[in-house]
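Visitor: Supplied in structure tokens, the structure appears directly below.
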Amino acid sequence: MSSDMTRAPSQRGRDGVDQDQFLAILSREDALKRFEAALFPRVALAEERPLTGAPGYPLAHDIVADIDVPPFDRSNVDGFAVRSADLASAGEATPVRLVLNDEVIACGTAPARPVLSGTATSIATGGPLPRGADAVVMVEHTQPAGARAIDIRRAASPGQFVSYAGSDIARGEAVLRAGTVIGSREIGMCAACGIANVSVVRRPRVAVISTGDELVQPGETLRPAAIYDTNGAIVSAAIGENGGEAVFLGAIADDEEQLEAAMRSALESSDMLVLSGGTSKGAGDVSHRIIARLGKPGIIAHGVALKPGKPLCLAVCDGKPVVILPGFPTSAMFTFHDMIVPVLRRMAGLPPRSDAKVVAKVPVRIASELGRTEFVMVSLVEGAEGLIAYPSGKGSGAITSFAQADGFLKIDALADQMPAGVQAEVTLFTPHVRVPDLVIVGSHCTGLDLITAPLARAGLVVRSIAVGSLGGLAAAKRGECDFAPIHLFDEKSETYNTPFLGDGLELVPGWRRMQGIVFRAGDARFEGLSAEAAVRAALADPACIMVNRNQGAGTRILIDRLLGNARPDGYWNQPRSHNAVAAAVAQARADWGMTIAPVARAAGLGFIPLAEEHYDFALVTARRDRPAVQAFLEALKSDEGRAALGQAGFRPA
Ligand code: AMP
Ligand code: MG
């Protein structure tokens with residue numbers, strides 16, 4: 001942010017507004033406090049809704065009953081309406097005989113005749129008590145005495161089996177308070193009072209705009225250098241989950257004029273505007289400049305001490321909140337949930353979100369930046385002594401780190417780390433923890449999905465966390481997973497995987513993956529050659545660029561053997577996965593590299609097979625007897641599993 005300091009004076013000059021607030025990065029708490037102070041209190045957005053359309057909405061006003069419920073004194077049983085005084089002397093040996101009035105009071109029938117002393121009137125449950133009667137005797141407690149009389153052998157207290165008018169709800173009573181979120185029980189109260197329409201807080205209309213020249217909507221074809229617009233969909237959904245009505249207006253290019261027009265019209269027709277992207281203060285990032293022209297007071301906070309999410313921009317334009325979320329989807333989601341949801345829910349009249357929390361042990365040290373409140377997404381795993389919170393290793397640019405996490409933990413702005421072994425509070429994304437039945441941590445392979453498919457069908461929750469072979473092995477040694485899929489080559493023994501196992505781990509053979517050279521189909525430098533000849537041809541052409549693999553990868557060892565001492569152009573480009581190698585060659589950023597056959601095939605590349613890689617599983621022996629582990633071992637051995645692997649281009653071990 002130091003660059004902003006130097007830019008601030010010129011910005012002030014250009015926009016003609018006081019931009020001093022740009023200079024300071026606010027703490028999360030200060031930013032939220034200022035944002036809320038600029039927005040509340042405010043008049044609630046109210047609308048009338050019929051009862052059927054009211055569930056989920058908070059009441060805008062108190063609801064006061066304008067009738068009694070029940071509206072009349074009502075019998076609670078099937079029996080006879082009587083005068084209790086007539087039965088004062090009734091007993092087992094001294095029955096009292098009452099003459100029946102010529103009337104039967106059914107539900108919904110208004111009584112016509114009074115109950116005079118010495119008489120009774122037949123009455124059904126829910127029937128209105130006739131004049132003169134003050135109690136009801138159950139039919140079971142009477143005996144017929146001829147056609148027109150009954151005998152009663154027990155006394156009745158006044159009010160027996162009677163619900164008095166207004167005993168449930170009294171006329172003039174406030175039956176529901178403003179702010180109550182309407183559910184079936186509240187609907188029942190209103191219906192009993194005869195209320196057909198209620199005044200509720202309407203859903204705030206929230207316009208959503210994604211910004212960026214690179215964005216393409218899901219469903220459309222991805223052009224080179226473009227990415228799919230993720231924020232548009234997640235922000236819209238999260239608005240819906242928190243009481244708002246999202247109006248998604250698509251992705252707008254980084255063009256100041258176009259964006260300003262879109263923002264103005266969006267703000268005109270909505271109660272709130274949420275943008276994502278373009279908030280870093282780079283040359284192409286214009287949205288925060290536009291906000292300054294949209295209305296008073298303008299920007300409240302630009303730069304919040306949050307991680308992820310520092311570039312968050314909060315503004316209020318003529319009373320309406322305008323927010324620019326950071327572009328990276330995970331940052332966008334975190335800042336949205338942490339800073340925008342409280343405001344949105346308040347505008348929607350909803351109570352603050354009540355997030356479920358659990359305590360879990362953090363198995364590894366997590367470094368944290370001093371001065372920023374840091375949120376770390378975690379996957380929960382069941383350990384020997386309770387829950388383990390496994391931090392997701394991917395950065396804020398990774399959508400899976402958000403989607404596959406169970407929740408997050410918070411590292412205080414004043415802490416520079418969370419030490420390993422700490423019991424931390426984890427805020428869950430869903431109300432209940434569903435700890436996975438099977439946890440696989442290590443190198444990911446598409447073949448894995450084929451083997452876990454039957455487990456998922458059987459209702460088992462499988463969590464696979466991709467951290468590479470070495471990361472998986474470390475997790476397995478700490479007992480934090482069931483299996484670690486690994487493909488580690490030991491140069492000394494020239495064998496895969498077994499030399500890397502330690503105490504408490506055993507090897508479960510997985511499958512073999514053919515490694516080989518990939519090139520774009522039709523490239524005459526490689527087509528039809530052996531691997532050795534292809535590499536010779538590549539080295540002979542100075543214009544040929546390779547893509548390597550990271551140090552430590554088994555595939556890298558193969559490449560180095562083929563290259564000998566040669567260090568061709570591209571050697572230092574060392575991505576960490578088979579897919580990244582295929583993408584580099586397919587997109588012509590490189591001409592050749594080494595990957596596995598199924599990945600080459602999926603990318604439509606030419607392939608020269610060289611040597612098989614062993615993709616096996618380090619099983620934590622202590623977890624062998626768990627049902628999901630057994631199910632996985634079964635699936636691995638099954639004909640169905642082996643056939644599926646074969647079809648996908650793998651060779652089951
Ligand atoms: P920006 O803040 O616009 O510089 O964006 C930061 C990063 O987030 C860039 O890599 C963008 O491509 C990415 N990004 C921005 N908006 C979106 C979006 N709607 N969906 C997915 N990624 C995005
Ligand atoms: Mg952008």
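Visitor: Give the residue that is nearest to GLY554 (Cα to Cα), with candidates limited to residues of the stretch 502-540 that are in a helix (DSSP H, G or I) and touching a residue at least 60 places away in the same chain (Cβ under 8 Å).
Guide: Narrowing the stretch 502-540 to residues in a helix (DSSP H, G or I): 531-540.
Restricting the remaining residues to those that are touching a residue at least 60 places away in the same chain (Cβ under 8 Å) gives 531, 534.
On the way: ALA531: 17, ALA534: 20 Å.
Among them, the one singled out is ALA531.
Visitor: Out of everything in the stretch 265-286 that is within 16 Å of ligand 2 (Cβ to nearest atom) and surrounded by fewer than 23 Cβ atoms within 10 Å (Cβ to Cβ), what residue ends up being modelled with the highest pLDDT?
Guide: Within the stretch 265-286, the match that is modelled with the highest pLDDT is VAL286.
Visitor: Okay, next question. Hey, can you tell me all the residues within the stretch 287-300 that are within 16 Å of ligand 2 (Cβ to nearest atom) and hydrophobic (A, V, I, L, M, F, W, C)? Reasoning before the result, please.
Guide: Of the stretch 287-300, the ones within 16 Å of ligand 2 (Cβ to nearest atom) are 287-291.
The answer is ILE290, ILE291.
Visitor: Surrounded by fewer than 14 Cβ atoms within 10 Å (Cβ to Cβ) and within 28 Å of GLU173 (Cβ to Cβ): does that describe ARG148? Give the derivation first.
Guide: Details: surrounded by fewer than 14 Cβ atoms within 10 Å (Cβ to Cβ): yes; within 28 Å of GLU173 (Cβ to Cβ): no.
Taking the combined requirement at face value, the residue does not satisfy it.
Visitor: Which residue is surrounded by the most Cβ atoms within 10 Å (Cβ to Cβ), if the candidates are limited to the stretch 210-249 and must be within 14 Å of ligand 2 (Cβ to nearest atom) and of a type in the set (A, V, I, L, M)?
Guide: Going through the qualifying residues, I end up with LEU215.
Visitor: Condition test on VAL359, is it more than 19 Å from the chain's Cα centre (by Cα) and under 20 Å from ILE411 (Cβ atoms)?
Guide: Yes; evaluated as a whole, the condition is true for this residue.
Visitor: Is there any pair linking a residue in the stretch 210-221 that is at positive phi to one that is more than 7 Å from ligand 2 (Cβ to nearest atom) and in a loop (DSSP other than H, G, I, E, B), with Cβ under 9 Å and at least six apart or on different chains, and which?
Guide: If the second residue must be more than 7 Å from ligand 2 (Cβ to nearest atom) and in a loop (DSSP other than H, G, I, E, B), the pairs left are GLY212/ASP229; GLY212/ALA253.
Visitor: Ok, one more. In this structure, does ASP168 turn out to be under 28 Å from ALA584 (Cα atoms) and touching a residue at least 24 places away in the same chain (Cβ under 8 Å)? Even if it seems obvious, please write down each step before you answer.
Guide: On the way: under 28 Å from ALA584 (Cα atoms): no; touching a residue at least 24 places away in the same chain (Cβ under 8 Å): yes.
Judged against the criteria, ASP168 is not a match.
Visitor: Which one of THR211, THR121 is away from ligand 1 (no atom under 16 Å from the Cβ) and among the hydroxyl-bearing types (Ser, Thr, Tyr)?
Guide: Values: THR211 fails: away from ligand 1 (no atom under 16 Å from the Cβ).
One residue alone meets the criteria, THR121.
Visitor: Which ones in the stretch 301-349 are away from ligand 2 (no atom under 16 Å from the Cβ), without any contact (Cβ under 8 Å) to a residue 40 or more places away in the chain and not aliphatic (A, V, I, L, M)?
Guide: Applying the first criterion (away from ligand 2 (no atom under 16 Å from the Cβ)) to the stretch 301-349 yields 301, 303-307, 314-322, 333-334, 336-349.
Now narrow it down to the ones that are without any contact (Cβ under 8 Å) to a residue 40 or more places away in the chain: 315, 318.
Of everything in the stretch 301-349, just one residue is away from ligand 2 (no atom under 16 Å from the Cβ), without any contact (Cβ under 8 Å) to a residue 40 or more places away in the chain and not aliphatic (A, V, I, L, M), namely ASP318.
Visitor: Return the only residue of LEU370, LEU314 being buried (at least 23 other Cβ atoms within 10 Å of the Cβ) and not β-branched (Val, Ile, Thr).
Guide: On the way: LEU370 fails: buried (at least 23 other Cβ atoms within 10 Å of the Cβ).
Result: LEU314 is the single residue among LEU370, LEU314 that is buried (at least 23 other Cβ atoms within 10 Å of the Cβ) and not β-branched (Val, Ile, Thr).
Visitor: In addition: Which of (1) away from ligand 2 (no atom under 15 Å from the Cβ); (2) within 30 Å of ALA46 (Cβ to Cβ); (3) in contact with a Leu (Cβ under 8 Å, 6 or more places away or on another chain) is the odd one out, the single condition ALA262 does not satisfy?
Guide: The one condition ALA262 does not meet is (1).
Visitor: Here's another thing I want to ask about it. Given the residues ALA332, ALA315, which is the only one that is within 11 Å of ligand 1 (Cβ to nearest atom) and within 26 Å of ARG203 (Cβ to Cβ)? I'd like the intermediate steps shown before the answer.
Guide: Numbers: ALA315 fails: within 11 Å of ligand 1 (Cβ to nearest atom).
Residue meeting the stated conditions: ALA332.
Visitor: Is it the case, given these coordinates, that SER493 is hydroxyl-bearing (Ser, Thr, Tyr), under 37 Å from the mean Cα position of the chain (by Cα) and surrounded by fewer than 21 Cβ atoms within 10 Å (Cβ to Cβ)? Spell out how you get there, then give the answer.
Guide: Values: hydroxyl-bearing (Ser, Thr, Tyr): yes; under 37 Å from the mean Cα position of the chain (by Cα): no; surrounded by fewer than 21 Cβ atoms within 10 Å (Cβ to Cβ): yes.
Against the criterion (hydroxyl-bearing (Ser, Thr, Tyr), under 37 Å from the mean Cα position of the chain (by Cα) and surrounded by fewer than 21 Cβ atoms within 10 Å (Cβ to Cβ)), SER493 does not qualify.
Visitor: So, one more: Please verify whether the stretch 446-458 includes one or more residues that are β-branched (Val, Ile, Thr) and modelled with pLDDT of 90 or more. Working first, answer last.
Guide: At the first step, the residues of the stretch 446-458 found to be β-branched (Val, Ile, Thr) are 446, 451-452.
Keeping just the survivors that are modelled with pLDDT of 90 or more gives 451-452.
Yes, the stretch 446-458 contains at least one residue that is β-branched (Val, Ile, Thr) and modelled with pLDDT of 90 or more.
Let's see how each residue does on (1) within 28 Å of the chain's Cα centre (by Cα); (2) away from ligand 1 (no atom under 15 Å from the Cβ); (3) more than 30 Å from ASP62 (Cα to Cα):
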| residue | (1), (2), (3) |
| --- | --- |
| SER199 | no, yes, no |
| THR221 | yes, yes, yes |
| ASP255 | no, no, yes |
| SER265 | no, yes, yes |
| ILE291 | no, no, yes |
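Visitor: Scan the stretch 23-34 for residues that are within 16 Å of LYS310 (Cα to Cα) and in contact with a strand residue (DSSP E or B) (Cβ under 9 Å, 6 or more places away or on another chain) and jot them down.
Guide: Hits for the stretch 23-34 are ALA24, ILE25, LEU26, SER27, ARG28, GLU29, ASP30, ALA31, LEU32.
Visitor: When ALA590 is evaluated against the numbered criteria (1) at pLDDT 95 or above; (2) within 22 Å of GLU532 (Cβ to Cβ); (3) in a helix (DSSP H, G or I), which criterion, by number, is the only one it fails?
Guide: Only one criterion is unmet by ALA590, namely (3).
Visitor: Further, regarding this structure: Hey, any hits in the stretch 151-168 for a residue that's of a type in the set (D, E, K, R), more than 58 Å from the chain's Cα centre (by Cα) and outside any loop (DSSP other than H, G, I, E, B)?
Guide: As a first pass, look at the stretch 151-168 and keep what is of a type in the set (D, E, K, R): 151, 153-154, 168.
Okay, now just the ones that are also more than 58 Å from the chain's Cα centre (by Cα), so 151, 153-154.
Narrowing the set further to residues that are outside any loop (DSSP other than H, G, I, E, B) leaves 151.
Yes, because at least one residue in the stretch 151-168 is of a type in the set (D, E, K, R), more than 58 Å from the chain's Cα centre (by Cα) and outside any loop (DSSP other than H, G, I, E, B).
Visitor: Looking at this structure, is VAL175 surrounded by 13 or more Cβ atoms within 10 Å (Cβ to Cβ), more than 15 Å from ligand 1 (Cβ to nearest atom) and among the hydrophobic types (A, V, I, L, M, F, W, C)? Lay out the reasoning, then the answer.
Guide: Values: surrounded by 13 or more Cβ atoms within 10 Å (Cβ to Cβ): yes; more than 15 Å from ligand 1 (Cβ to nearest atom): yes; among the hydrophobic types (A, V, I, L, M, F, W, C): yes.
Here the answer is yes, as VAL175 does meet what is asked.
Visitor: Follow-up question, since we're still on this one. For the stretch 250-305, name all the residues that are farther than 29 Å from GLU29 by Cα and either β-branched (Val, Ile, Thr) or touching a His at 6+ places or on another chain (Cβ under 6 Å) (or both).
Guide: Listed by number, the list holds a single entry, ILE252.
Visitor: Would you confirm whether or not the stretch 610-620 contains a residue that is among the acidic types (Asp, Glu), buried (at least 20 other Cβ atoms within 10 Å of the Cβ) and out of contact with any Lys or Arg (no Cβ under 9 Å at 6 or more places or on another chain)? Steps first, please.
Guide: Residues of the stretch 610-620 that are among the acidic types (Asp, Glu), as a first pass: 612-613, 616.
Then keep just the ones that are buried (at least 20 other Cβ atoms within 10 Å of the Cβ); that gives 613, 616.
From the residues that got through so far, the ones that are out of contact with any Lys or Arg (no Cβ under 9 Å at 6 or more places or on another chain) too are 616.
Within the stretch 610-620, one or more residues are among the acidic types (Asp, Glu), buried (at least 20 other Cβ atoms within 10 Å of the Cβ) and out of contact with any Lys or Arg (no Cβ under 9 Å at 6 or more places or on another chain).
The values are calculated or read from the model by the stated rules, or taken from the named source; none is laboratory data. Small disclaimer: the values here were computed from a predicted structure and weren't measured. Cβ sites come from the backbone with ideal geometry, for glycine too, and all protein chains shown count toward neighbours.
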